[in-house]
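The values are calculated or read from the model by the stated rules, or taken from the named source; none is laboratory data. Since the model is a prediction, treat every value here as computed from it, not as a measurement. Here the Cβ positions follow ideal geometry from the backbone for every residue, glycine too, while neighbour counts run over all protein chains shown.
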Amino acid sequence: MIAVNAHGKIAAYQATIGTILLLTLPLGWFFLKMGFAPTSIGIAFIITIVICSFGRILWAKKLFNISIKKWIMAVFIPCVGVAFSSALFAFAPNLFLKASFIRLLLAVSASILATTISSWYIALDDRERNFIIENMRHVLKWM
């Protein structure tokens, strides 16, 4: 969303995004008032961040005529795929092990591995993969 910030018409954009982000507080308060656990504040934050993401996309469409459908297909769906696979693999140790430091290490390791692999195959296209490979070769030459 750097392009939206650099466009010059950022006052309305910042007011929109800022207002949405401020909704975290009343939404979190509402969750607590309804008797939900304190962790529901995190859920309130995630909800407002998702709404902000869609607000940013609407602003990008308005300012630069970016296709929302193309954004959903190129960005949103791959991100959901990566997040789902990461969460699935991170949850797997919970099914087989009791709570312990080893389970934590396995869950974190599985999540990192799943995120890396699924990002490579789901989120990146051929051009982006080639860019990473070339940069890794360049870095390895200097080592």
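Please specify each residue of region 23-50 satisfying the condition of being assigned to a helix (DSSP H, G or I), of a type in the set (A, V, I, L, M, F, W, C) and farther than 24 Å from residue 76 by Cβ.
25, 29, 30, 31, 32, 41
Of all residues in region 90-134, which are more than 24 Å from the chain's Cα centre (by Cα) and among the polar types (S, T, N, Q)? Outline the logic, then answer.
Residues of region 90-134 more than 24 Å from the chain's Cα centre (by Cα): 95-103, 134.
Once the filter is applied, which keeps residues that are more than 24 Å from the chain's Cα centre (by Cα) and among the polar types (S, T, N, Q), region 90-134 yields only 100.
Would you pick out the residues in region 91-112 that are farther than 30 Å from residue 55 by Cα, surrounded by 14 or more Cβ atoms within 10 Å (Cβ to Cβ) and out of contact with any Lys or Arg (no Cβ under 6 Å at 6 or more places or on another chain)?
The answer is 92, 103, 106, 107, 110.
Look at residue 53 and say whether it is under 20 Å from the mean Cα position of the chain (by Cα), in the same structural domain as residue 124 (by TED's automatic domain parsing), among the polar types (S, T, N, Q) and part of a helix (DSSP H, G or I).
no
May I ask you to list the residues in region 110-130 that are hydrophobic (A, V, I, L, M, F, W, C) and within 18 Å of residue 74 (Cα to Cα)?
Those that are hydrophobic (A, V, I, L, M, F, W, C) and within 18 Å of residue 74 (Cα to Cα): 117, 120, 122, 123, 124.
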